[in-house]
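I have placed the structure first, in the form of structure tokens, so that the comments after it can refer back to it.
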Amino acid sequence: MIIDGKALASQVEEESRKKIEELAKLGIVPGLATVLVGENPASQMYVRLKHSACGRVGIRSENVLLPEDATEEELLSKIEELNGRKDVHGILLQLPLPKGIDPRRAMMTIAPEKDVDGFHPQNMGALLLGAERMVPCTPKGIIYALEKLGKDLQGAEVVIVGHSNVVGKPLAAMMLNRNATVQVCHVFTKDLSKHTRDAEVLVVAAGVPALIKADMVRPGAYVFDVGINRVGDKTVGDVDFEAVKDIAAAITPVPGGVGPLTVAMVVSQTVQAAEEQSQEVGGNCRW
Ligand code: NAD
């Protein structure tokens, strides 16, 4: 089975639309501000995708564009301004940032309740403590897909290839929160296939084309290919899709798999942020 990321993303958008209708009754229109520094074409494309998704569901979105040579102080003061605005419920800082700006400092400046990317240490800490609030969007999309596919994660053997702060680490925590048995592999893992062959659920986020071959996959596995790699004029993932699709129970294609789900989760978390802020006085964290 090929997992249709676009169809699942449409489902997320439909669920968000219903919540937005409820918020409208309270006079609230969820708002997302993306912040882009410089003119990285890939970043511009990701930001455009997020704004289109917002437009489809009825989230008010705006892009704050700072020049490539913006200083860290200018960026932080822009973020502070957005933190203070009542009509902005979610703030998304598009990475990477130009040299000279510390991404951690910038991330930590975003108010945790508006951090729809889930990168703020307060949100990451809560995730690790099992109190998920705003979580990174790619892992959230993968968990959503597994739930919709009816895959029970309790006790499931989950193997994650890649231990980045954006995908691997937060996904490992989310899997543990659901009582899966988790192995996390990375570039220094000695025998990758020894681990990947255990996986009932295999998630690959390495950024290496065709890293995962058919003989590295357990028959009947659920395979999520997060990788986005340009090879010639094609975009491919990290999994040898043609060979693995005949072994896996379900597999995400690239493009059209994890990517659309990630964008849908930005929408979902912006709505969640608007709902939570509508119930909070002062916008402080509640866990
Ligand atoms: P990263 O570069 O921060 O981390 C890469 C990870 O892969 C590291 O843990 C590294 O140790 C591991 N790795 C690298 N080579 C390896 C190898 N040969 N064997 C085993 N592990 C190896 O990457 P990231 O930001 O997590 O992104 C990973 C990939 O996923 C990239 O292609 C990126 O473009 C893509 N991505 C896609 C989405 C999406 O929405 N589809 C979201 C985020 C990232």
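Numbers for the structure displayed
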| item | result |
| --- | --- |
| Flag for E157 being within 21 Å of V226 (Cβ to Cβ), more than 14 Å from the ligand (Cβ to nearest atom), within 17 Å of the chain's Cα centre (by Cα) and open to solvent by 40 Å² or more (accessible area, probe 1.4 Å) | no |
| Number of the exception - H120 against (1) surrounded by 17 or more Cβ atoms within 10 Å (Cβ to Cβ); (2) out of contact with any strand residue (DSSP E or B) (no Cβ under 9 Å at 6 or more places or on another chain); (3) under 27 Å from S10 (Cα atoms) | (3) |
| Leading residue by the ranking (farthest from the ligand (Cβ to nearest atom)) among those in the stretch 212-237 that are closer than 20 Å to L8 by Cβ, open to solvent by less than 40 Å² (accessible area, probe 1.4 Å) and hydrophobic (A, V, I, L, M, F, W, C) | A221 |
| Single residue of K25, K78, K18, K50 found to be modelled with pLDDT of 95 or more, open to solvent by less than 40 Å² (accessible area, probe 1.4 Å), out of contact with any Lys or Arg (no Cβ under 9 Å at 6 or more places or on another chain) and of a type in the set (K, R) | K50 |
| Tally, over the stretch 236-254, of residues that are closer than 13 Å to A7 by Cα and in contact with a Ser or Thr (Cβ under 7 Å, 6 or more places away or on another chain) | 0 |
| Matching residues, the stretch 158-177, being without any contact (Cβ under 8 Å) to a residue 40 or more places away in the chain and in a loop (DSSP other than H, G, I, E, B) | H163 |
| Output for the stretch 171-211, where each listed residue is open to solvent by less than 60 Å² (accessible area, probe 1.4 Å), near the ligand (Cβ under 10 Å from one of its atoms) and out of contact with any strand residue (DSSP E or B) (no Cβ under 6 Å at 6 or more places or on another chain) | T189, A205, G207, L211 |
| Failed item in (1) open to solvent by less than 20 Å² (accessible area, probe 1.4 Å); (2) small (G, A, S); (3) more than 16 Å from the ligand (Cβ to nearest atom); (4) under 22 Å from Q11 (Cα atoms), with A145 passing the rest | (3) |
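The values are calculated or read from the model by the stated rules, or taken from the named source; none is laboratory data. Values in this document were obtained by computation on a predicted structure and should not be read as measured data. Ideal geometry is used to build each Cβ from the backbone, glycine not excepted, and the neighbour counts take in all protein chains shown. Heads up: the accessible areas ignore ligands, DNA and RNA and are worked out on the full protein's heavy atoms, side chains in. Shrake-Rupley method; radii C 1.70, N 1.55, O 1.52, S 1.80 Å.
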